[in-house]
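What follows is a single structure, written as C-alpha cells, with notes after it.
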Amino acid sequence: RQRIDLKNIKSASQILANSRFSKEFIEKSYQMKAKICYLGVDTNVFKPLNIDKSYDVLFIGNKDTTYQLLIDALKVFRKKPKIKTIFREKGQSISDKDLMVIYNKSKVLVALNKNEPFGLIPIEAMACGTPVVAVAEGGYLETIVDDKTGFLVPRSVKDLYKKINKILCDDKLRDGFSNQARKHVLKNWTWDKSINGFLKIIDYEK
C-alpha cells in the first residue's frame with residue numbers, strides 16, 4: 001500500500017493541502033512540495049437564526065478519549081451544562097439544514113479532535129454565530145481566532161472547563177464572540193474564497 005501510495009502521489013503534477021498543518025505533514029512524509037487550498041462553507045446555509053438556545057455545549061465527533069476529555073471537564077461544573085452530542089457512527093447522517101439548526105441552538109461548540117487536519121465543523125458553527133472552544137492543535141489553530149471567535153486551549157480538563165464556563169457565564173462575551181465568529185467566516189472561509197484560491201493555483205500551474 002505504501003508503494004502504491006507513493007507511486008500515485010508522485011504521478012500528480014500538483015499536491016493540494018487543506019491547511020498549513022496538512023501541508024507540513026505532506027511535505028515531511030513525501031518530501032514533495034504542496035500548496036494550501038483551504039476549504040469553505042456555504043454561508044447561505046450555515047447562518048445565524050433568531051432562536052432560543054436549547055443546549056449549553058455541542059460536541060460533534062467520536063466517542064473516544066477526546067469525548068472523555070469533555071465529560072471530565074463537565075464533571076467540574078457545580079451545575080452540569082446541557083450537552084448535545086452527535087457521534088460520527090457508521091451509517092449516521094444529518095442534513096446541513098438540521099445541523100445548522102443545532103448549531104444555532106447551542107451556546108458553544110467544543111472541538112477536541114487530535115491534530116485535526118483542518119476542521120470544517122468549527123467553521124460551520126462560527127458561520128452560525130456559535131463560539132468555539134477547541135484544543136490548540138492542528139487545523140484549529142488556523143481557523144479559530146483565540147479570544148475573538150472563541151478559545152484555543154491546551155488539552156487539559158482544567159483549561160477546557162475554565163473556557164467553557166467563561167462563555168456560558170458571560171452573555172456579553174458570548175454575544176461578542178458570536179458576532180465576530182460570523183464576520184470571521186464571511187471574510188475568510190466562504191466557498192467563493194476557497195474557489196478563488198483554487199483557481200489561482202491552477203493559473204500558477206499553467
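Any idea which of (1) surrounded by 14 or more Cβ atoms within 10 Å (Cβ to Cβ); (2) modelled with pLDDT of 95 or more is the one Gly61 doesn't satisfy?
It fails just one condition, (2).
Out of Glu116, Glu89, report the one residue that is in a loop (DSSP other than H, G, I, E, B) and open to solvent by less than 60 Å² (accessible area, probe 1.4 Å). Write out each step before concluding.
On the way: Glu89 fails: open to solvent by less than 60 Å² (accessible area, probe 1.4 Å).
Answer to the selection: Glu116.
So Ile121 ticks every box in (1) more than 19 Å from Asn179 (Cα to Cα); (2) part of a helix (DSSP H, G or I) but one. Which box is left unticked?
Among (1) more than 19 Å from Asn179 (Cα to Cα); (2) part of a helix (DSSP H, G or I), Ile121 violates only (1).
Could you please let me know if Tyr161 is among the hydroxyl-bearing types (Ser, Thr, Tyr), closer than 16 Å to Thr66 by Cβ and in contact with a helix residue (DSSP H, G or I) (Cβ under 6 Å, 6 or more places away or on another chain)?
When the stated conditions are applied, Tyr161 passes them.
Where residues in the stretch 7-43 are among the hydroxyl-bearing types (Ser, Thr, Tyr) and free of Cβ contacts under 8 Å to residues at least 60 places away in the same chain, which of them is surrounded by the fewest Cβ atoms within 10 Å (Cβ to Cβ)? Don't jump to the end; show me each part of the working.
First, the residues of the stretch 7-43 that are among the hydroxyl-bearing types (Ser, Thr, Tyr): 11, 13, 19, 22, 29-30, 38, 43.
With the extra rule that they be free of Cβ contacts under 8 Å to residues at least 60 places away in the same chain, the set shrinks to 11, 29-30.
Details: Ser11: 7, Ser29: 11, Tyr30: 14.
For the stretch 7-43, the residue satisfying everything is Ser11.
Which of the residues that make up the stretch 130-157 are of a type in the set (D, E, K, R) and either assigned to a loop (DSSP other than H, G, I, E, B) or touching a residue at least 24 places away in the same chain (Cβ under 8 Å) (or both)?
Narrowing the stretch 130-157 to residues of a type in the set (D, E, K, R): 137, 142, 146-148, 155.
Across the stretch 130-157, the qualifying residues are Glu137, Glu142, Asp147, Lys148, Arg155.
Taking the options Leu109, Leu168, Leu199, Leu152, name whichever one is among the hydrophobic types (A, V, I, L, M, F, W, C) and exposed (fewer than 15 other Cβ atoms within 10 Å of the Cβ).
Numbers: Leu109 fails: exposed (fewer than 15 other Cβ atoms within 10 Å of the Cβ); Leu168 fails: exposed (fewer than 15 other Cβ atoms within 10 Å of the Cβ); Leu152 fails: exposed (fewer than 15 other Cβ atoms within 10 Å of the Cβ).
After applying the criteria, what remains is Leu199.
Can you name the residue in the stretch 171-191 that is farther than 30 Å from Ile15 by Cβ and of a type in the set (Lys, Arg) and is also most open to solvent (accessible area, probe 1.4 Å) among such residues? Don't jump to the end; show me each part of the working.
Quick first cut of the stretch 171-191, residues farther than 30 Å from Ile15 by Cβ only: 171-183.
If we keep only those that are of a type in the set (Lys, Arg) too, we end up with 172, 174, 182-183.
Values: Lys172: 174, Arg174: 31, Arg182: 49, Lys183: 123 Å².
Of everything passing the filter in the stretch 171-191, Lys172 is most open to solvent (accessible area, probe 1.4 Å).
Among the residues of the stretch 130-142, write down those that are closer than 18 Å to Gly40 by Cβ and in contact with a Gly (Cβ under 6 Å, 6 or more places away or on another chain).
Result: Val132, Gly139, Tyr140.
How many of the residues in the stretch 49-69 are under 24 Å from Met100 (Cα atoms) and out of contact with any Leu (no Cβ under 6 Å at 6 or more places or on another chain)? Break it down into steps so the answer makes sense when it comes.
First, pick out the residues of the stretch 49-69 that are under 24 Å from Met100 (Cα atoms): 49-63, 66-67.
Narrowing the set further to residues that are out of contact with any Leu (no Cβ under 6 Å at 6 or more places or on another chain) leaves 49-55, 57, 60-63, 67.
Residues meeting the conditions: 13.
So, in the stretch 23-48, exactly how many residues are of a type in the set (Asp, Glu) and either in a strand (DSSP E or B) or over 30 Å from Leu99 (Cα atoms) (or both)?
Residues flagged as of a type in the set (Asp, Glu) and either in a strand (DSSP E or B) or over 30 Å from Leu99 (Cα atoms) (or both) within the stretch 23-48 amount to 2.
Condition (residue is not charged (D, E, K, R) and not in a helix (DSSP H, G or I)) applied to the stretch 175-187: is it met by at least one residue? If you could, list the steps in order and put the result at the bottom.
Residues of the stretch 175-187 not charged (D, E, K, R): 176-181, 184-186.
Those still in the list that are not in a helix (DSSP H, G or I) too: none.
Checked against the condition, which is being not charged (D, E, K, R) and not in a helix (DSSP H, G or I), the stretch 175-187 yields no hits at all.
Would you confirm, using the coordinates I've provided, whether Ser194 is surrounded by fewer than 18 Cβ atoms within 10 Å (Cβ to Cβ), of a type in the set (Ser, Thr, Tyr) and under 26 Å from Asp42 (Cβ atoms)?
Details: surrounded by fewer than 18 Cβ atoms within 10 Å (Cβ to Cβ): yes; of a type in the set (Ser, Thr, Tyr): yes; under 26 Å from Asp42 (Cβ atoms): yes.
Yes, satisfied.
Scan the stretch 64-78 residue by residue and report those that are among the charged types (D, E, K, R) and surrounded by 14 or more Cβ atoms within 10 Å (Cβ to Cβ). Steps first, answer last, please.
First, the residues of the stretch 64-78 that are among the charged types (D, E, K, R): 64, 72, 75, 78.
Answer for the stretch 64-78, where residues must be among the charged types (D, E, K, R) and surrounded by 14 or more Cβ atoms within 10 Å (Cβ to Cβ): just Asp72.
The values are calculated or read from the model by the stated rules, or taken from the named source; none is laboratory data. Fair warning: this is a prediction, and the values are worked out from it, not measured in the lab. Glycine gets a Cβ as well: all are built from the backbone with ideal geometry, and neighbour counts include every protein chain shown. Side chains are part of the model used for accessible areas, which takes the heavy atoms of the whole protein and leaves out ligands, DNA and RNA. Shrake-Rupley method; radii C 1.70, N 1.55, O 1.52, S 1.80 Å.
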